[in-house]
Amino acid sequence: MSSESQSAPSHLKLLCVVAHPDDECFAFGGALALASDAGVETSVVCFTDGQAATNRGVATSAAELGEMRRAEFAASCKILGVTHHELLDYQDAQLEFADFSAAAAKIVERIRRFQPHVVITFGGDGGMNTHADHIMVSALTTAAFHWAAQAKRFPALGPIHTAQRLFYVTTSFFFPDRPACLPAPWTVTLDISGVRQRKFDAFRAHTSQLPLMDKFESFFEKHGDTEHYTLAASLQPQPATQATSLFAGL
């Protein structure tokens, strides 16, 4: 049994905020599957339906690709055991031009409604592919994490909620054929070996994106037993320490 499964009481809630369908498994699949196995209630909010993807499967239009990727997202979340999933209506590859306050308010509303203990999202590096949408999701989620706890911010969106931890996903390796991101040092190493196959199966549910799996499969075979996260915010001042669970002590 993984350390995550052993240390996460079943009353806990985890919110994951992503940019595109397949982010939930490619970046966060291990954490989501471990949380599900531990009885944690999970929610994934995805900003776009991925219509700007390079890999387009059998889609003949952007709208058709978007519908395909919405269905793939739902299938992937089911495999990972995600309790709730939601796909917003922002335009893929255009998040940097969105109204920041309005977009952050959508996450504030969902934090206050779902009341997660832990929030996970991308770091400011944009992830392994330094995607601008990932960078924006990091900024939006970070603002929302803090604003959801402040009564003066968006009072019409419900009572405040103070989530206990914000984590950014980070990495221990680079893809050699892509520009290297500037990753944050990790503070959590998750052993996802027990759910590794489910993470891969969830990605394979994204049939339109299977060329990506073929391209990077060898790297996941080598590095796929762990996921790394950086603690970005918490309730109390504290030194950075190493942990093996997102929920340790909660």
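The values are calculated or read from the model by the stated rules, or taken from the named source; none is laboratory data. Bear in mind that the values here come from a model prediction, so they are computed numbers and not experimental data. Because the Cβ atoms are built from the backbone with ideal geometry, glycine has one as well, and the counts that use them run over all protein chains shown. Protein only, heavy atoms only, side chains kept; ligands, DNA and RNA dropped before computing areas. Shrake-Rupley method; radii C 1.70, N 1.55, O 1.52, S 1.80 Å.
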Original post:
Going 7 Å from the Cα of Thr207 toward and past its Cβ, which residues in region 37-68 have a backbone nitrogen under 14 Å from where you end up?
Top reply: 56-60, 65, 67-68
Subject >> Among Val169, Thr142, Ser218 the positive-end extreme of the charge dipole of the chain (Cβ point charges) >> reply: Thr142
Original post:
Residues with beta-carbon under 9 Å from that of Ser43, excluding Ser43: net charge, scoring Lys, Arg +1 and Asp, Glu -1?
Top reply: 0
Subject >> Projected label distance in nm at Ser193 and Thr241, using a 7 Å step from Cα toward the beta-carbon >> reply: 2.5 nm
Subject >> Heavy atoms of Trp147 accessible to a 1.4 Å probe, total area in Å² rounded to 10 >> reply: 60 Å²
Original post:
Just how much of Ile160 is accessible, in Å², when a 1.4 Å probe is used and the result is rounded to the nearest 10?
Top reply: 80 Å²
Original post:
What share of the DSSP beta bridges in the chain is antiparallel, in percent to the nearest 5?
Top reply: 35 percent
Original post:
What is the spin-label model distance, in nm, from Ser218 to Phe100 if the labels are put 7 Å beyond Cα along the C-beta direction?
Top reply: 4.1 nm
**OP:** Report the local net charge at Leu157: Lys and Arg +1, Asp and Glu -1, summed over other residues whose C-beta lies under 11 Å from its C-beta.
**Re:** +4
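Loop only by DSSP, 10 or fewer other Cβ within 10 Å of the Cβ. Give me the trypsin sites (Lys or Arg not before Pro) in region 19-80 that pass, ordered by residue number. Don't skip to the end; give the middle numbers.
Values: sites: Arg56, Arg69, Arg70, Lys78; in loops: Arg56.
Sites meeting the loop and neighbour criteria: none at all.
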**OP:** Collect residues whose amide H, placed 1.01 Å from N in the peptide plane, falls under 5 Å from the amide H of Thr42; neighbours closer than 5 in sequence don't count.
**Re:** Leu14, Thr83, His84
Original post:
Cα extents of region 137-197 along the three principal axes, largest first, in whole Å?
Top reply: 46, 31, 21
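Explain nothing, just the number: dipole magnitude of region 125-250 about its Cα centre with +1 on each Lys and Arg Cβ and -1 on each Asp and Glu Cβ, in debye rounded to the nearest 20.
On the way: 10 positive and 10 negative charges, 84 e Å.
So the dipole magnitude of region 125-250 works out to roughly 400 debye.
With charges set only on the Cβ (+1 for Lys and Arg, -1 for Asp and Glu), what does the dipole of the chain come to about its Cα centre, in debye to the nearest 20? If you can, show how the numbers build up before the last one.
On the way: 19 positive and 26 negative charges, 133 e Å.
My answer is approximately 640 debye.
Using a cut-off of 10 Å between beta-carbons, work out the net charge of the residues near Thr170 (Lys and Arg +1, Asp and Glu -1, Thr170 not included). Spell out each step's value before the answer.
Values: positive: none; negative: Asp125, Glu227.
The answer is -2.
Using only the Cα atoms of region 138-250, construct the convex hull and provide its projected area averaged over every direction, in square nanometres to one decimal. Walk me through the numbers on the way to the answer.
On the way: hull surface 39.1 nm².
One quarter of the hull surface, i.e. the mean projection, equals 9.8 nm².
Take every Cα-Cα pair in the chain and report what % of them are more than 23 Å apart. Write out the running numbers ahead of the final one.
Details: 14457 of 31125 pairs.
Roughly 46 percent, once rounded to a whole number.
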